[in-house]
There are 2 protein chains.
Amino acid sequence: MSRTYSISELASEFDLTTRSIRFYEDQELLHPSRRGQTRVYSSKDRVRLKLTIRGKRLGFSLAEIRELFELWDETRSGSKKQLHLMLSKIGDRRAALDQQMKDITMVQLELESAEIRCRQALEELLEKEPQEKQNEEERTGTSDKASAPSSATMH
Amino acid sequence: MSRTYSISELASEFDLTTRSIRFYEDQELLHPSRRGQTRVYSSKDRVRLKLTIRGKRLGFSLAEIRELFELWDETRSGSKKQLHLMLSKIGDRRAALDQQMKDITMVQLELESAEIRCRQALEELLEKEPQEKQNEEERTGTSDKASAPSSATMH
DNA sequence: AAACAAGTTTACGTTAACGTAAAGCTATTG
DNA sequence: CAATAGCTTTACGTTAACGTAAACTTGTTT
């Protein structure tokens, strides 16, 4: 059990370049084993990669993410002083994330009001100009590869 | 009413350098007026600065933030096609923020479990070594003078 | 008047996070 | 067997978001 992955498998699964994955290893976020000279990634490596991506989406630097990994790894073997330091750092992170939550809520509200404003402007346009023959492109061609399904929000 | 601000006032209020604020202007996030050659910031400018900082905390690039500002500004004067484009972009942003919310929740859970794990390790330490003097390894070359629990800097 | 504080422009330097060749190993496939 | 596919290392290039320094203007204080 617990299968392994090649670098390109992971790359395509998470929509990264192999360059990035090797770079993450260089920054000590990943520690794949080798078969010959070829990198072999375990499920644990895969999880780490997933966490890395998640951290990046939250604006963490690779160095910060590495720090969190190290904290986690050394939790078992830490001395008393080490453990207290870890608790302090974890506390800092949690506080920062709480702040982020608040930020997101604020921005969501602003975007929501922008959307409403936008729809109202559209309605007014349609009232003043009932039926012109203006043909439009319908689809805005902006394909955003990395982002989630865009129909998620509404209300 | 609606007072004005100097660049250094804003800098100290939001804990930025004046360099940053001028840079934001260079990137067209701010448009302060001038008295002579000196920049004069309005309350509206201040709000924009606040939003900029908030956006940065969420991992937006300055270019993205600028885009959002422009969307907002042009909402009133937009054509039908423009308005639909805006709605689409707003939708993308909202979806991305929803994803971020989920990410944060996940990471919060992980940090929480890390904290618990940490506290347990501490408890075990205190049970095995009720009030011993100093023993075991734990002498890591580097002498750390200030052992105060100073809350670690986050950044 | 001289010095100081606060502001300005110009411009080169720096760091993070990759992108983009170039050149070489290695296994398999037509 | 030669070519292709996939992997590797090495190394220089690029972009964003400022930092830092120099040289200058303008107003205020001593």
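No lab work stands behind these numbers, since they all come straight from the coordinates. All values reported here derive from a predicted model rather than from experimental measurement. FYI the Cβ positions are ideal-geometry reconstructions off the backbone, even for glycines, and counts take in every protein chain you see.
Okay, here's what the table says:
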{"quantity": "Teacher prompt: A:SER43 distances to equivalent labels in other copies, 7 Å Cα→Cβ, nm", "calculated": "5.9"}
{"quantity": "Rounded if a/c under 1.5, otherwise prolate or oblate - the range B:1-63, Cα gyration tensor axes", "calculated": "prolate"}
{"quantity": "Neighbour cut-off at most 14 other Cβ (10 Å), DSSP loop, GluC sites (Glu not before Pro), the range A:1-91", "calculated": "A:GLU28"}
{"quantity": "Cβ-vector label at 7 Å, A:GLU127, separations to other copies in nm", "calculated": "7.2"}
{"quantity": "Local electrostatic count, A:MET86, Cβ distance below 13 Å [Lys/Arg +1, Asp/Glu -1]", "calculated": "+2"}
{"quantity": "Neighbour-count ranking [beta-carbon atoms within 10 angstrom, fewest first] of A:LEU126, A:LEU68", "calculated": "A:LEU126, A:LEU68"}
{"quantity": "Prolate/oblate/rounded label for the range A:71-117 (Cα gyration tensor, a/c 1.5)", "calculated": "prolate"}
{"quantity": "Inter-copy separations for B:PHE14, label at 7 Å along Cα-Cβ, nm, ascending", "calculated": "3.3"}
{"quantity": "Euclidean distance between Cα centres, the range A:75-121 to the range B:16-43, Å", "calculated": "28 Å"}
{"quantity": "Sequence of B:ASP73, A:ASP45, B:ASP103, B:ASP98 once ranked by neighbouring C-beta atoms within 10 Å, starting from the fewest", "calculated": "B:ASP73, B:ASP98, B:ASP103, A:ASP45"}
{"quantity": "Formal net charge of residues neighbouring B:SER42 (Cβ-Cβ distance under 11 Å; K, R +1; D, E -1)", "calculated": "+4"}
{"quantity": "Cβ-based exposure ranking for B:HIS84, A:HIS84, in which fewest neighbours within 10 Å come first", "calculated": "A:HIS84, B:HIS84"}
